[in-house]
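These notes concern the structure reproduced below.
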Amino acid sequence: MLERFKVPAADVVRVPAESLRATVAAIFEKMGVAREVAAEGADVLVMTDLRGVETHGVSNMMRVYVRQYNEGVINPQPNWHIVRETPGTATIDADRGLGILLGRQAMNIAMEKAQRVGIGVVTMYNSGHLGAVGHFAMLAAQKDMVGMCMTAGGASVLPTFAAEGRLGADPISIAAPAKSEPPLLFDVATSAMAINKIRLAARTGAKLLPGWVATPEGVPIMEEITAPEQGPNMVLPLGSTRELGSHKGYGLGLTVEVLSALLAGALPSMLDSTNGFKNYFAAYDIAAFTDVAQFKENMDKMLQKLRATRPAPGQARVLYPGLLEYEEERERRAKGIPLHKEVVQWFDNIAAELSVPRLKTM
């Protein structure tokens with residue numbers, strides 16, 4: 001998370017993870033979600049905040065989910081089911097269930113198949129928001145597998161040279177375990193910025209950086225601008241401009257659409273805006289390919305080599321994907337999750353409205 005998106009020190013309220021988990025779970029139950037499923041949703045959101053991925057944690061997403069339940073956009077008790085299956089694959093109709101509540105079950109199916117045949121791939125369509133896709137890739141890494149997760153939905157991102165949004169942020173994640181090093185966890189949008197960062201920027205007063213969004217005519221804005229209260233439908237692909245490689249982000253976004261939507265038998269949001277999010281879960285059983293202990297030792301060697309790389313002038317160290325999230329989780333478990341005071345006020349209001357426990361503060 002860039003410093004500009006972090007909560008200003010004057011606005012920080014620190015909340016213990018367990019208090020946040022209890023309140024979030026209770027809110028989900030009030031929305032009609034079964035208790036054990038509500039607990040799963042709370043685990044996903046709180047772990048996301050513990051890792052510092054605030055774009056997809058409670059600050060942005062909880063109020064969205066509550067509104068969508070109240071409006072009937074998402075189904076609190078979906079009859080999700082497998083519509084097509086082979087020994088190594090499955091396709092799930094989520095019946096408008098919230099993705100963060102169903103993602104573990106989809107990845108569990110992928111992992112079970114990987115244990116039997118080496119690789120398991122599950123697609124899931126007609127779902128609500130999946131949240132931080134890296135969370136589900138990590139489930140596989142914790143079981144000595146390489147995990148992948150992607151999601152497609154929305155049409156706010158411009159193709160290269162376009163003046164109309166056609167793609168979602170379409171994130172890609174991959175996670176792999178190591179022996180003693182923190183696991184590799186790569187989780188990025190294929191757009192120039194995660195669209196949810198616009199909400200964070202508006203809350204914290206941060207400006208959007210050059211090359212993140214375009215004008216209504218599709219011209220990349222190459223200067224800092226104030227974040228709008230409502231996100232524009234003109235987010236640029238990763239790379240921003242053709243000269244800087246936007247065709248790569250555009251192509252990666254299309255790849256996510258193929259694997260998450262079309263492979264599930266669903267249409268991308270650019271063709272059907274009513275069919276929710278489409279998701280891809282994959283698990284590669286390391287033991288089916290190589291010795292697990294050797295894989296982890298080799299991962300350690302690679303990650304340690306990266307950490308030992310000489311940093312450029314003005315830089316403190318070289319990182320690898322997942323290291324900062326690992327460090328952030330340890331600190332936030334000890335010191336509490338830093339929420340913006342406006343977010344805490346929202347929780348106070350909804351807790352009073354729904355008669356659920358208020359957040360405790362540290």
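Worth pointing out:
- Test for LEU271: is it aliphatic (A, V, I, L, M), exposed (fewer than 15 other Cβ atoms within 10 Å of the Cβ) and over 18 Å from the mean Cα position of the chain (by Cα): yes
- Single unsatisfied condition, GLU328 versus (1) assigned to a strand (DSSP E or B); (2) in contact with a Gly (Cβ under 6 Å, 6 or more places away or on another chain): (1)
- Residue match in region 256-264 (condition: of a type in the set (Asp, Glu), buried (at least 19 other Cβ atoms within 10 Å of the Cβ) and closer than 18 Å to VAL133 by Cα): yes
- Residue within region 139-157 that is within 29 Å of PRO8 (Cβ to Cβ), in contact (Cβ under 8 Å) with a residue 40 or more places away in the chain and aliphatic (A, V, I, L, M) present: yes
- Checked against the criterion of being out of contact with any Pro (no Cβ under 9 Å at 6 or more places or on another chain), closer than 17 Å to VAL58 by Cβ and surrounded by 14 or more Cβ atoms within 10 Å (Cβ to Cβ), region 316-327 has no qualifying residue.
- Given (1) touching a strand residue (DSSP E or B) at 6+ places or on another chain (Cβ under 6 Å); (2) part of a helix (DSSP H, G or I), number of the condition MET362 does not satisfy: (2)
- Among the candidates SER246, SER260, the residue that is at pLDDT 90 or above, of a type in the set (S, T, N, Q) and touching a Leu at 6+ places or on another chain (Cβ under 7 Å) is uniquely SER246.
- Residue match in region 215-222 (condition: more than 21 Å from the chain's Cα centre (by Cα), in contact (Cβ under 8 Å) with a residue 60 or more places away in the chain and assigned to a loop (DSSP other than H, G, I, E, B)): yes
- Residue match in region 261-278 (condition: in contact with a helix residue (DSSP H, G or I) (Cβ under 8 Å, 6 or more places away or on another chain), assigned to a strand (DSSP E or B) and of a type outside the set (D, E, K, R)): yes
- Single residue of region 175-193 satisfying the filter (under 22 Å from LEU259 (Cβ atoms) and surrounded by fewer than 23 Cβ atoms within 10 Å (Cβ to Cβ)) that is farthest from the chain's Cα centre (by Cα): LEU184
- Between ASP285, ASP272, ASP291, the distinction of being under 19 Å from PHE136 (Cβ atoms) and of a type in the set (Asp, Glu) belongs to ASP285 only.
- Within region 67-85, the presence of a residue that is in contact with a His (Cβ under 6 Å, 6 or more places away or on another chain), closer than 30 Å to ARG203 by Cα, surrounded by fewer than 20 Cβ atoms within 10 Å (Cβ to Cβ) and not hydrophobic (A, V, I, L, M, F, W, C) is excluded.
- Looking only at region 331-354, residues that are part of a helix (DSSP H, G or I), closer than 19 Å to ARG203 by Cα and not hydrophobic (A, V, I, L, M, F, W, C) come to 5 in all.
- Note on region 1-54: residues that are polar (S, T, N, Q) and closer than 24 Å to ALA201 by Cα amount to 1.
- Among the strands (runs of 3 or more DSSP E) confined to region 1-110, the ones with at least 1 residues that are within 21 Å of the chain's Cα centre (by Cα) are located at 89-93.
The values are calculated or read from the model by the stated rules, or taken from the named source; none is laboratory data. These numbers come from a predicted model, not from an experiment. Every residue, glycine as well, gets a Cβ built from its backbone with ideal geometry; the counts of neighbours run over all protein chains shown.
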